[in-house]
Amino acid sequence: MKTQALNKAEPLVGRLRLVTGKEEYSDRKRRLKEVAQRHFPQIKVPLTNSDALLIMEFIGLKCQREPEWVLKRLPVSIVNTLNFQGDE
């Protein structure tokens with residue numbers, strides 16, 4: 001299942017790195033929630049899951065654009081179950 005968000009890679013990474021210096025944990029979580037909510041407007045993003053959604057989005061984009069990057073970082077047992085060709 002592809003989301004519209006997978007096609008909007010450019011805004012995601014830029015917004016995640018806007019803060020420089022030390023950032024309080026709660027401020028960072030709120031910022032990540034805001035980014036995730038903009039990226040996934042069709043759902044109500046809870047604060048507790050916002051970082052997980054963004055990690056999922058990042059990996060989805062990497063699988064589309066740089067599958068070798070993903071494959072090099074996963075255990076062989078998992079790699080053997082993946083389908084990067086889109087032959088579902």
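For this structure, a couple of remarks:
- Pairs, first among the charged types (D, E, K, R) in segment 35-54, second crowded, with 18+ Cβ neighbours inside 10 Å and not in a loop (DSSP other than H, G, I, E, B), C-beta under 6 Å, six or more apart: 51/32
Rundown of residues vs (1) loosely packed, with under 10 Cβ neighbours inside 10 Å; (2) in contact with a strand residue (DSSP E or B) (Cβ under 6 Å, 6 or more places away or on another chain); (3) outside any loop (DSSP other than H, G, I, E, B); (4) at pLDDT below 80, yes/no style:
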{"position": "2", "(1), (2), (3), (4)": "yes, no, no, yes"}
{"position": "14", "(1), (2), (3), (4)": "no, no, yes, yes"}
{"position": "20", "(1), (2), (3), (4)": "yes, no, no, yes"}
{"position": "28", "(1), (2), (3), (4)": "no, no, yes, no"}
{"position": "35", "(1), (2), (3), (4)": "no, no, yes, no"}
{"position": "41", "(1), (2), (3), (4)": "no, no, no, no"}
{"position": "45", "(1), (2), (3), (4)": "no, no, no, no"}
{"position": "48", "(1), (2), (3), (4)": "yes, no, no, no"}
{"position": "51", "(1), (2), (3), (4)": "no, no, yes, no"}
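- Segment 74-88: number of residues that are at pLDDT 90 or above and surrounded by 11 or more Cβ atoms within 10 Å (Cβ to Cβ): 0
The values are calculated or read from the model by the stated rules, or taken from the named source; none is laboratory data. Bear in mind the structure is a predicted one, so any value in this text is a computation, not a measurement. Glycine gets a Cβ as well: all are built from the backbone with ideal geometry, and neighbour counts include every protein chain shown.
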